[in-house]
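Notes to accompany the following structure.
The values are calculated or read from the model by the stated rules, or taken from the named source; none is laboratory data. Predicted model only: the values in this text are computed from it and were never measured. Ideal geometry is used to build each Cβ from the backbone, glycine not excepted, and the neighbour counts take in all protein chains shown.
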């Protein structure tokens, strides 16, 4: 028997008030070269007023930051991704520091450890991670963490470098209650991606039910990790509405309340302006 056909619901049918945020997107990715303007327009139409775009290295930032010159609702984050540790050395670290000092970049990231791919040796990743953490602290920049199949080492590095209590966002959370408790104990924020909508992720959903209101953000990590019912397709910021509805159901909250709450948390963490619906 074949698989049941999935109904690809239009995200515009679930549009929410204009105060939501996608806290982690890669809209500079070539996957959006053909229709980036349409993608940004759909995001606005579903109620997203803030998008945080993550540039994965200084070279791509320099080449592609102009894509968002006309979009004041797109904030910039820049770091050197752990998988790029062999490609970018001392010159890239110098370029990273220069950009962080001179450009309106709101955080350093995504940085961390990725043990899923064998391309970059662990010792190289660990050395790069430590250097970037030092840079973030020296420039008083918040940090966005990438951690894949490396939770123990990533937590050890962060805690041993004194980052408990530091402004830090754990991007693309996919763990259980034990990991969530450790992150929350350290005073960090947690960003939830589309896989929370997948039926098999029961441990993840249980963990998300326990996150305090003021620590929770929503992200796409687009073009990856599209939520149901768009799983397997290119992800985009407009699809955050599916993630928001799923999280609201898990947490037994009104989706409009969760949407505004997570949007405000994103803006507060990155030091961005208040949402357009605010009277203050």
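Considering every residue within segment 176-193, establish whether at least one is farther than 19 Å from residue 253 by Cα, modelled with pLDDT under 95 and in contact with a helix residue (DSSP H, G or I) (Cβ under 8 Å, 6 or more places away or on another chain).
Taking every residue of segment 176-193 in turn, none turns out to be farther than 19 Å from residue 253 by Cα, modelled with pLDDT under 95 and in contact with a helix residue (DSSP H, G or I) (Cβ under 8 Å, 6 or more places away or on another chain).
Where the second residue is surrounded by fewer than 17 Cβ atoms within 10 Å (Cβ to Cβ) and at pLDDT 95 or above and the first is on the phi < 0 side of the Ramachandran plot and lies in segment 156-170, which pairs have Cβ atoms under 6 Å and are six or more apart or on separate chains?
Correct list of pairs: 164/186.
Say we look at segment 168-191 and pick out the residues that are out of contact with any strand residue (DSSP E or B) (no Cβ under 7 Å at 6 or more places or on another chain) and closer than 23 Å to residue 131 by Cα; which of these is surrounded by the most Cβ atoms within 10 Å (Cβ to Cβ)?
Quick first cut of segment 168-191, residues out of contact with any strand residue (DSSP E or B) (no Cβ under 7 Å at 6 or more places or on another chain) only: 174-179, 181-182, 184-187.
The next check asks that each one be closer than 23 Å to residue 131 by Cα; those that pass are 186-187.
Working: 186: 16, 187: 13.
Among those residues, the one meeting the criterion is 186.
Just to check your reading of the model, which residue among 275, 264 is in contact with a strand residue (DSSP E or B) (Cβ under 9 Å, 6 or more places away or on another chain), under 30 Å from residue 105 (Cβ atoms) and modelled with pLDDT under 95? Walk me through how you get there before you give the answer.
Values: 264 fails: modelled with pLDDT under 95.
Going through 275, 264 in turn, just one is in contact with a strand residue (DSSP E or B) (Cβ under 9 Å, 6 or more places away or on another chain), under 30 Å from residue 105 (Cβ atoms) and modelled with pLDDT under 95: 275.
If you scan segment 46-71, which residues turn out to be outside any strand (DSSP E or B), touching a residue at least 24 places away in the same chain (Cβ under 8 Å) and closer than 19 Å to residue 223 by Cβ?
Those that are outside any strand (DSSP E or B), touching a residue at least 24 places away in the same chain (Cβ under 8 Å) and closer than 19 Å to residue 223 by Cβ: 46, 56, 57, 60, 61, 64, 65, 67, 68, 71.
Look through 129, 163 and report the one residue that is over 17 Å from the mean Cα position of the chain (by Cα) and surrounded by 22 or more Cβ atoms within 10 Å (Cβ to Cβ). Spell out the reasoning first.
Working: 163 fails: surrounded by 22 or more Cβ atoms within 10 Å (Cβ to Cβ).
Unique residue meeting the criteria: 129.
So that you can scan it fast, the table gives a plain yes or no per residue for (1) over 16 Å from residue 188 (Cα atoms); (2) in contact with a helix residue (DSSP H, G or I) (Cβ under 8 Å, 6 or more places away or on another chain):
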position	(1), (2)
215	no, yes
222	yes, yes
232	yes, no
238	yes, yes
241	yes, yes
258	yes, yes
269	no, no
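Condition check ((1) crowded, with 22+ Cβ neighbours inside 10 Å; (2) within 25 Å of residue 188 (Cα to Cα); (3) touching a residue at least 24 places away in the same chain (Cβ under 8 Å); (4) touching a strand residue (DSSP E or B) at 6+ places or on another chain (Cβ under 7 Å)) across all residues:
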position	(1), (2), (3), (4)
73	no, yes, yes, yes
77	yes, yes, yes, yes
89	no, no, no, no
111	yes, yes, yes, yes
146	yes, yes, yes, yes
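Inspect all residues belonging to segment 30-47 and state whether any of them is within 15 Å of the chain's Cα centre (by Cα) and either surrounded by 15 or more Cβ atoms within 10 Å (Cβ to Cβ) or over 30 Å from residue 255 (Cβ atoms) (or both).
If we filter segment 30-47 for residues that are within 15 Å of the chain's Cα centre (by Cα), which is where we start, we get none.
No, there is no match, as no residue in segment 30-47 is within 15 Å of the chain's Cα centre (by Cα) and either surrounded by 15 or more Cβ atoms within 10 Å (Cβ to Cβ) or over 30 Å from residue 255 (Cβ atoms) (or both).
Conditions: (1) out of contact with any strand residue (DSSP E or B) (no Cβ under 7 Å at 6 or more places or on another chain); (2) surrounded by 17 or more Cβ atoms within 10 Å (Cβ to Cβ); (3) over 30 Å from residue 241 (Cβ atoms). Residue 136 meets all but one. Number of the miss?
(1)
Just for helices (runs of 4 or more DSSP H) wholly inside segment 192-272: which have at least 2 residues that are on the phi < 0 side of the Ramachandran plot and surrounded by fewer than 15 Cβ atoms within 10 Å (Cβ to Cβ)? Let's see the steps before the verdict.
Values: elements: 202-208, 240-251, 255-270.
Because the criterion is at least 2 residues that are on the phi < 0 side of the Ramachandran plot and surrounded by fewer than 15 Cβ atoms within 10 Å (Cβ to Cβ), the helices (runs of 4 or more DSSP H) in segment 192-272 that meet it are 202-208, 255-270.
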